[in-house]
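A.B. asks: Below: one structure in structure tokens.
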């Protein structure tokens, strides 16, 4: 029944983000308002809501953001917004995966309490509701009407989210499906490599956008078992491949050892590209990511980390499944439901039962714009047709996006 918590979790996220957007338009002196019986000022209360969710999330999953949110009289609202989305993404994942409500939470040495998982989720939901109500009290005490963040309004504005549960695929999601189905995925990749990669729509479009790679150091972000790393290496690139899956990286290294490393062996590393990697900062002028963006749980953190690894003037090329095709191919019900879980039907038939995270094209572009990237190319690739389209029609199932990281003197940047 953990999936039934998706709606209240999403309602809480929506309500907090709506309050942040409202508070952003207030004057600084209005943000400092408080009222008797409330936690503190409006800004302090917002910070407390988000900071507490970080703590609750840690007790539930063991995860914490890379930077601690410390109590302060004023807060960075843009930072709070990012943190709310970060928490929400992980809470939704927990709800979809499922959990034992009677199991103990992760221990915190500074807190002797040991609530159950169900108790901690209850506290998380109630805490946010209580303190959002306190902000409404503060605003009302000063004659300002608070935005409506009620469950009724959320349900009216998000009817697909209320009906989504019936469409969810059965069974919990594995924490890392690419580890669980690595062997089947490797067989799937071998089928692609047996074909002529020179006419592969994704490979040719990516190489075209990357330009000359010979002798250049290229980051293959989310490299998997090394498919695109090998494509780059055969064209003379010096490649560093990073992926979250230890098993896929192990396979990539085994393949390289078996085939021969060559003059410039590919440097395969296990790493989380949604968290800063200090050793690689400002290192790359070329970054590629082949059919991985849809699989990244925190796409905004991914965009920021890639920006931190890029030199000024760097080029980033991403191949991904066209978000619109998720609807056309029947993988999701509502195109506008960011974060909806989709399933790779073609790979599932070959034993790779992996999920992906649907987001709108607008959401993807906004994430990379916010990280400082500038879009320079959008290519439609992989034309397809299925029963949901009229006979004789064709639709691009894939996209290749190219971004540049502007230099300090580039005045043409638009976000």
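The values are calculated or read from the model by the stated rules, or taken from the named source; none is laboratory data. Being a predicted model, the structure only gives us computed values, none of them experimental. Cβ sites come from the backbone with ideal geometry, for glycine too, and all protein chains shown count toward neighbours.
A.B. asks: Looking at segment 350-406, which of its residues are touching a helix residue (DSSP H, G or I) at 6+ places or on another chain (Cβ under 6 Å) and at pLDDT below 75?
C.D. replies: Listed by number, the residues that qualify are 350, 351, 352, 354, 382, 388.
A.B. asks: For segment 71-171, give me every one of the helices (runs of 4 or more DSSP H) that falls completely inside it and has 2 or more residues that are modelled with pLDDT of 80 or more and either at positive phi or surrounded by 12 or more Cβ atoms within 10 Å (Cβ to Cβ) (or both).
C.D. replies: Answer list for segment 71-171: 77-97, 117-141, 151-157.
A.B. asks: Given the residues 258, 282, which is the only one that is without any contact (Cβ under 8 Å) to a residue 12 or more places away in the chain and farther than 14 Å from residue 242 by Cβ?
C.D. replies: Of 258, 282, the one residue that is without any contact (Cβ under 8 Å) to a residue 12 or more places away in the chain and farther than 14 Å from residue 242 by Cβ is 258.
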